[in-house]
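A.B. asks: What follows is a single structure, and I will ask about it in a moment.
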């Protein structure tokens with residue numbers, strides 16, 4: 001490719017999400033296949049969640065059996081807190097993405113990634129508290145009714161995804177500290193950002209269709 | 001750490017500073033808009049000023065808006081020409097999700113109506 005053509009290509013957005021473009025032209029060119037591939041994974045993951053939502057929608061109205069209904073179990077305080085924590089973590093991850101794109105050294109990216117993962121861990125702690133209250137105090141474990149099975153399946157799958165994102169982020173902290181902002185590491189940070197933002201989008205569905213709709217009897 | 005792989009501490013040109021500020025503003029706008037959509041949804045459901053059916057519709061609408069905000073401001077999806085392939089992927093996924101979710105709900109609620117209601 002001539003210099004002119006490559007300069008043109010650098011200005012283009014090659015994939016969805018924050019592009020490296022002019023800050024790293026070489027990396028920008030190699031980002032396209034890996035980021036696009038990751039989007040295909042994200043979209044298929046989203047389909048899994050969509051079907052869990054559909055199952056939940058049917059089960060929460062038809063499948064309560066002799067067990068409690070959603071309105072008898074849920075209150076909005078912890079879901080609100082979880083929502084704010086996860087939303088803030090998505091926001092702080094924005095600083096990681098910007099540091100990843102613009103900073104020549106990884107310290108800022110590592111710092112914000114630590115903040116993001118701590119918020120993610122806080123979200124998991126709140127969710128774990130919610131699960132254990134349901135199971136031990138309200139005697140509403142996953143085996144009680146179809147509604148509760150699908151509730152734990154949906155929120156549990158999201159929980160596992162966030163936990164996986166935290167493990168992934170910890171690996172990336174080590175990689176950024178040891179390897180520095182090399183191209184493979186940068187591309188991994190970009191993919192973690194997409195994954196994390198997508199989990200926040202799934203959470204919008206959960207707080208709306210599980211909790212907010214659930215408390216309306 | 002070998003130096004040839006690390007683009008350490010290069011001087012940052014002005015155009016980049018501007019680009020960075022614009023992208024930072026985008027994240028801040030996304031965060032603010034998300035809060036503006038989340039908090040009313042929770043207050044609507046908690047206060048119960050509207051009848052349940054309308055509240056459900058309202059919070060679902062707010063959720064849809066917030067999903068668009070997240071795609072636009074956090075995932076940087078827009079309608080630019082160079083994004084079209086990826087937009088196709090996302091829209092196609094949306095179509096599949098719509099078909100499968102609506103189909104599932106249709107079948108399950110129809111079955112319930114036929115078999116379980118008195």
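A.B. asks: Any chance you could run the full-extension gain for residue B:46 through residue B:72? It's 0.36 nm times the residue separation minus the Cα-Cα distance, nm to one decimal.
C.D. replies: Working it through step by step, the gained length comes to 6.5 nm.
A.B. asks: Evaluate the relative contact order of the range A:3-215 (contact order divided by residue number), counting alpha-carbon pairs under 8 angstrom at least 6 apart; express in whole percent.
C.D. replies: 29 percent
A.B. asks: Using r as the Cβ-Cβ distance of residue B:17 and residue B:102, and R0 as 41 Å, what FRET efficiency do you calculate, to the nearest 0.05?
C.D. replies: With R0 = 41 Å, the Cβ-Cβ based efficiency is 0.30.
A.B. asks: Sticking with this one: Under the Kirkwood approximation applied to all pairs of distinct alpha-carbon atoms, what is the hydrodynamic radius of the range A:60-217 in Å?
C.D. replies: 16.7 Å
A.B. asks: If you don't mind, there's one more thing I want to ask. Specify the inter-centroid distance of the range A:156-172 and the range B:36-60, based on alpha-carbon positions, in whole Å.
C.D. replies: 30 Å
A.B. asks: Restricting the calculation to Cα positions, tell me the Rg (one decimal) and the Dmax (whole number) of the protein assembly as shown in Å.
C.D. replies: 21.7, 75
A.B. asks: Shape call for the range B:61-111 from the C-alpha gyration tensor, a ≥ b ≥ c root eigenvalues: rounded (a/c under 1.5), prolate (a/b greater than b/c) or oblate?
C.D. replies: oblate
A.B. asks: So, one more: Just check the range A:157-203 against the gyration tensor rule for me: Cα atoms, a ≥ b ≥ c as the square roots of the eigenvalues, rounded for a/c under 1.5, and otherwise prolate or oblate depending on whether a/b exceeds b/c.
C.D. replies: Since a/c reaches 1.5 but b/c is at least a/b, the shape of the range A:157-203 is classed as oblate.
A.B. asks: Next question. What distance in nm separates the simple spin-label points at residue B:60 and residue A:139, each placed 7 Å from Cα in the Cβ direction?
C.D. replies: The answer from the label model is 3.5 nm.
A.B. asks: At a Förster distance of 35 Å, what's the computed FRET efficiency of residue A:125 paired with residue B:36, Cβ-Cβ distance as r, to 0.05?
C.D. replies: Between residue A:125 and residue B:36 the formula returns 0.85.
A.B. asks: Arrange the following residues from fewest to most other Cβ atoms within 10 Å of their Cβ: B:21, B:114, B:56.
C.D. replies: B:114, B:21, B:56
A.B. asks: Something else: So for A:186, A:138, fewest C-beta neighbours within 10 Å to most, what's the order?
C.D. replies: Result, fewest neighbours first: A:138, A:186.
Every number here is computed from the coordinates shown, using simple stated rules; none is lab data. Note that the structure is a prediction, hence the values are computed from the model and not measured. Reconstructed Cβ throughout: ideal geometry from the backbone, glycine too, with neighbour counts over all protein chains shown.
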